[in-house]
Amino acid sequence: MALLTLEEWARQTYETPPTLNTLRRWAREGLIQPPPEKHGRSYFVCPTARYFESRASLRPDRSLSLVERIAIDRASAKQRAGSHVKAGK
């Protein structure tokens, strides 16, 4: 699976995308799951990544539900599998 830049991901995800500074802050603060990869100055995101306002707002005990953790783990595994294929080329 090809990774997208933060700007490409935002254009696909939002009708009115946030600014690049906002996207970078979200990436640094771990608000995009699965987490973006940083290569040099750029962040690259799985196309199926989602923005989560904050982990505290998801659950009162500040944890993700089992379903949310499984979805994030699956997306991360797909992303890792895709990056291994690229490296082998």
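Figure legend. Inter-residue proximity from segment 1-13: first residues in a helix (DSSP H, G or I), second residues open to solvent by 70 Å² or more (accessible area, probe 1.4 Å), beta-carbon distance below 7 Å, spacing 6+ or different chains. Indicated pairs: L6/R24.
Can you report the number of residues in segment 56-76 which are under 18 Å from E29 (Cβ atoms) and modelled with pLDDT of 80 or more?
The number of residues fulfilling the criteria is 2.
Selection of segment 13-37 for residues being out of contact with any Phe, Trp or Tyr (no Cβ under 7 Å at 6 or more places or on another chain) and under 23 Å from I70 (Cα atoms) yields T13, R28, E29, G30, P34, P35.
Scanning segment 27-44 for residues that are open to solvent by less than 70 Å² (accessible area, probe 1.4 Å) and of a type in the set (D, E) yields one hit, E37.
The values are calculated or read from the model by the stated rules, or taken from the named source; none is laboratory data. Since the structure is predicted, the reported quantities are computational estimates derived from the model, not experimental observations. FYI the Cβ positions are ideal-geometry reconstructions off the backbone, even for glycines, and counts take in every protein chain you see. Just so you know, the surface numbers come from the protein's heavy atoms only, side chains and all, with ligands and any DNA or RNA stripped out. Shrake-Rupley method; radii C 1.70, N 1.55, O 1.52, S 1.80 Å.
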